[in-house]
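Just so it is clear, none of the values below were taken in a lab; they were calculated from the coordinates. None of the values given here were measured: they were computed from a predicted structure. So basically every Cβ, Gly included, is an ideal-geometry build from the backbone, and we count neighbours across all protein chains shown.
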């Protein structure tokens with residue numbers, strides 16, 4: 001592959017992926033130095049250590065979520081970050097809350113700041129939906145699953161935030177009662193959530 005062809009391939013990849021990491025070039029046999037060269041030439045913009053985008057790419061409100069998922073491909077956006085994404089809270093966390101498996105390797109990431117929470121395999125696989133943010137596929141728990149997660153981890157985020165999220169999720173019709181009960185069972189918080197769900201249903 002000629003130098004011109006490799007340059008074109010890198011630019012094609014970043015256009016497709018949204019955010020490019022050095023390791024993304026490995027399957028194509030392209031030396032990682034191309035990212036630095038293209039950055040120096042003004043053809044790529046570095047938005048974080050080892051993260052590159054096309055110049056002039058407008059940063060969305062949720063860019064940090066895309067960056068986090070690029071860094072930790074098996075993570076799922078959860079709890080306060082998921083609430084914020086779904087507009088179910090007034091909280092604005094400075095960390096990206098990310099769920100990983102109970103036995104998964106704990107990522108060491110300088111940026112963006114991460115708040116890692118370990119989920120069981122059943123809880124990690126349930127209620128995940130994919131969103132595209134700046135070209136990056138970002139897994140985020142659904143509104144109903146996020147609410148159930150909040151009650152499970154209420155000691156981490158606060159019961160008041162969990163209740164606020166539940167009421168807003170219900171008020172904005174982002175979920176059904178069946179959805180909430182389903183994920184309450186997955187998270188094993190039926191008894192905790194029961195009085196709040198019953199108050200919504202009356």
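Details
- Normalising the average separation of contacting C-alpha pairs (under 8 angstrom, six or more residues apart) by the number of residues puts the relative contact order of the chain at 17 percent.
- Region 63-201 - convex hull of the alpha-carbon atoms, volume per residue in Å³: 99
- The simple Förster model, with R0 at 35 Å and r as the Cβ-Cβ distance, assigns residue 41 and residue 110 a FRET efficiency of 0.85.
- Were the residues from residue 159 through residue 32 laid out at 0.36 nm apart, the gain over their Cα-Cα distance would be 41.1 nm.
- Angle of helix 143-152 to the longest C-alpha principal axis of the chain, folded into 0 to 90 degrees and rounded to 10: 70°.
- With Cα atoms, 0 to 90° folded angle of helix 190-201 axis to the chain main axis: 80
- Label-to-label distance for residue 120 and residue 12 is 4.6 nm, based on points extended 7 Å past Cα in the beta-carbon direction.
- DSSP bridge analysis restricted to the chain gives an antiparallel fraction near 65%, rounded to the nearest 5.
- Percentage of interatomic Cα-Cα distances in region 3-53 larger than 11 Å: 65
- Footprinting exposure proxy ranking of 111, 196, fewest other C-beta atoms within 10 angstrom first, gives 111, 196.
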